[in-house]
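The values are calculated or read from the model by the stated rules, or taken from the named source; none is laboratory data. Just so it is clear, the model here is predicted, and its values are computed rather than measured. No Cβ is skipped: glycine too gets one built from the backbone with ideal geometry, and neighbour counts run over all protein chains shown. For accessibility, only protein heavy atoms count, side chains too; no ligands or nucleic acids. Shrake-Rupley method; radii C 1.70, N 1.55, O 1.52, S 1.80 Å.
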Amino acid sequence: MPSFALPLALALVAAVPLSGQAVALVDARGHIDLGRYYTAAETNQILEEYAALYPDLIAVEEIGRSYLGAPLMVATLTNRATGPAHEKPALYVDGGLHAAELTGSSVATHLLAHLLSGYGSDPRITRLLDESVFYIRPKFAPDGSDLVLREDQPLRSSVRPVDNDLDGVPDDDPPQDLNGDGWITQMRVPDPEGPWYADPDDPRVMLRVPSDGSLPQGARRYRTESEGLDDDGDGRIDEDGIGGLDLNRNFPRNWEREHLQPGAGDFPLSEPETYAAVRFLHDHRNITGIVHGHTSGGFVYRLPSASAPSLFPTDDLALIEHLGAEYTRTTGRPVRPSATHPTEHRYGTLISWGYWDQGVIGWVPEYSPGPEMWVPDYDGDGRISESEELRYDDEELGGRYFVEWTPIDHPTLGAVEVGGWKTRFWGQNPPPEHLEEETTPQLPWILYLAEQAPRLELSAAVASADAGGVEIEARVTNTGFQPTSLTGRGAVGAPNRVVRPVRLTVELEGAELVEGEARVDIGHLAGTGPFVPEVAERTGGASWTVRATGPGARVRVVAASEKAGTVRSEWFDLEGR
């Protein structure tokens, strides 16, 4: 396999000069270059540099190893001075599950930089990091994304070998760089029956042959193939590339085998990258939302996903539509259901598992709407033509993203031309020059989602004291928007609910409990939002009678919620009461 060694690639992924000394990627102000794509190693370096620069705001941990043994890293962002991460509501954000969907990783990395560099100067960010947690996993599948960056290979997710053409040998016919420019583009093959012809005004442009077959004078017809050879001699080109799994079909909720869901893997969570995700999400019960970054298209997929829409609870759907409307308001882009058909839908997706098994609402932003985002409509006809794309690339970007059609002698096809768009950075992802322009507008909605989490407020007081003991009363209120169950799904099941109810606990030092239970489950508490009618009351409480048994006797109340955090009252001295 050729190595990915281009001036552009070096600018995007190289961070080691000839001396071998790694250069810093985070400056003293906490800023990074937002106009480039980073390898997994560079991304991990960024995480470590941020941890050194902001030790009180970020902790970095390895949650597993990829198929090739690369570390799977997660950054935890919160102000530890205001409490430990597990006692605050959290938002989980990732990117890069699909190998070539690099913008998802860029949004996650930009979010991390935005939060850390803005703490202390931006009131919104400061409040969020004081009260909340962000779990950020920029590189979900580092093996695949690195292969895309270094060799421009068009694989789906993991590099685990898959026999896509069922000839007994996996990965034996991948695309190849035949003209030695470091990119995998296209071949146009002369074919009298081909569906394409070269535009006489600009032969770089391929136009579809009209249904009546009429062509301009002298026009030549072509068919197109991916750049490569028939390595396995089966008469097909590039039909068995690297990998073949789709990691977002490998999650356990409504998983299906390959006959219904191609790329699903041998069994749910068969891959280390997906197992690490589920293990992390399950163990961090304070997660209140999932932002699962993908490309492309310029919209967000919402629930339902991987199930028939008729099975989805209507009350939760109303909440989801409400939260999604803010994305449209801030970006101007639509939010669409992931599943719209009773049987023709995806299986085994992350956000489906997150909702049905954890009660958590997940989102799949499909970043990068395509060239219409950065190419002007030069002729004002309301659409962006390929000629306009080429003009913009030529005039503004130095022609970096289109490879001129170059004749080669192909061993099985004969005389062909290799060229076309560098699609990984022209449509599927923005060119680096426009990357920050895409990532920046995504951040306000992500912050908004974190702000909608449930939050507890506790009041406790000594109600009375007599010879029988001291009575303590406590009331806890959910001041956040969402209920402490997050969703109606989270409130399902008794006594073992999908999301555990709010619990009040009395803590004693030098004292004993005379009346009441030390731990009282008060159920879920509604938020300020009008959704989830299954949870109606915003406030709950309990009382206890306690008695001093020794010197220094005191008592306090703790209110704890999986999703709304943990809050504590002051200590009440019992001596002398």
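Annotations for the structure displayed:
- Every test in (1) at pLDDT 95 or above; (2) closer than 26 Å to R236 by Cβ; (3) open to solvent by 20 Å² or more (accessible area, probe 1.4 Å) is passed by D146 save one, and that test is (2).
- Scanning segment 394-404 for residues that are assigned to a helix (DSSP H, G or I) and either over 32 Å from the mean Cα position of the chain (by Cα) or closer than 25 Å to R221 by Cβ (or both) returns D394, E395.
- Cross-chain or 6+ apart pairs with Cβ under 7 Å, segment 450-467 first and without any contact (Cβ under 8 Å) to a residue 12 or more places away in the chain, then assigned to a strand (DSSP E or B) and surrounded by 18 or more Cβ atoms within 10 Å (Cβ to Cβ): S464/E471
- Residues satisfying the stated conditions in segment 440-465, i.e. farther than 14 Å from Y327 by Cβ, touching an Asp or Glu at 6+ places or on another chain (Cβ under 8 Å) and either in a strand (DSSP E or B) or open to solvent by less than 20 Å² (accessible area, probe 1.4 Å) (or both): A460, A461, V462, A463, S464, A465
- Any hit, segment 147-170, residues being of a type in the set (A, V, I, L, M) and closer than 25 Å to T440 by Cα: yes
- Residues in segment 405-439 that are part of a loop (DSSP other than H, G, I, E, B) and open to solvent by 20 Å² or more (accessible area, probe 1.4 Å): P411, T412, L413, K422, Q428.
- Look at (1) surrounded by fewer than 20 Cβ atoms within 10 Å (Cβ to Cβ); (2) modelled with pLDDT of 95 or more; (3) out of contact with any His (no Cβ under 7 Å at 6 or more places or on another chain) and you find that L102 fails only one, number (1).
- The requirement of being in contact with a strand residue (DSSP E or B) (Cβ under 6 Å, 6 or more places away or on another chain), at pLDDT 95 or above and buried (at least 19 other Cβ atoms within 10 Å of the Cβ) is not satisfied by L245.
- Segment 381-398 - residue that is of a type outside the set (G, A, S) and in contact (Cβ under 8 Å) with a residue 40 or more places away in the chain and, of those, least open to solvent (accessible area, probe 1.4 Å): L390
- Inspection of segment 270-288 finds no residue satisfying the criterion of being closer than 14 Å to G359 by Cβ and either small (G, A, S) or at pLDDT below 95 (or both).
- For beta carbons closer than 8 Å, sequence separation of 6+ or different chains, a first residue in segment 399-415 that is modelled with pLDDT of 95 or more and a second that is surrounded by 12 or more Cβ atoms within 10 Å (Cβ to Cβ) and among the polar types (S, T, N, Q), the qualifying pairs are V403/N179; V403/T185; T406/N179; I408/N179.
- Tally, over segment 119-138, of residues that are small (G, A, S) and open to solvent by less than 10 Å² (accessible area, probe 1.4 Å): 1
- Failed item, numbered, when T566 is tested on (1) in a strand (DSSP E or B); (2) farther than 28 Å from D130 by Cβ: (2)
- Test: residue in segment 471-478 that is open to solvent by 10 Å² or more (accessible area, probe 1.4 Å) and within 22 Å of the chain's Cα centre (by Cα): no
- Considering segment 338-362, and only residues there that are among the polar types (S, T, N, Q) and in a helix (DSSP H, G or I), the residue that is farthest from L317 (Cα to Cα) turns out to be Q358.
- One residue from E239, E258 being free of Cβ contacts under 8 Å to residues at least 60 places away in the same chain, under 30 Å from G69 (Cα atoms) and surrounded by fewer than 20 Cβ atoms within 10 Å (Cβ to Cβ): E258
- Residue check, L215 open to solvent by 50 Å² or more (accessible area, probe 1.4 Å) and among the aliphatic types (A, V, I, L, M): yes
- Filtered residues of segment 284-301 (kept if within 22 Å of S132 (Cβ to Cβ) and buried (at least 20 other Cβ atoms within 10 Å of the Cβ)): N286, I287, T288, G289, I290, V291, H292, G293, V300
- Of all residues in segment 262-283, exactly one satisfies the criterion of being in a helix (DSSP H, G or I), of a type in the set (D, E) and crowded, with 20+ Cβ neighbours inside 10 Å, namely E273.
- Listed by first and then second residue, the pairs with beta-carbon distance under 7 Å, at least 6 apart or on different chains, first residue in segment 312-330 and surrounded by 14 or more Cβ atoms within 10 Å (Cβ to Cβ), second of a type in the set (K, R), are P313/R489; D316/R489; I320/R302; G324/R302; Y327/R333.
- Of all the listed residues (D199, D230, D165), the sole one being open to solvent by less than 50 Å² (accessible area, probe 1.4 Å) and closer than 22 Å to G144 by Cβ is D165.
- All of V502, V418 fail the test of being closer than 30 Å to P190 by Cα, of a type in the set (V, I, T) and touching a residue at least 12 places away in the same chain (Cβ under 8 Å), apart from V418.
- Looking only at segment 291-326, residues that are touching an Asp or Glu at 6+ places or on another chain (Cβ under 8 Å) and either at positive phi or of a type in the set (V, I, T) (or both) come to 5 in all.
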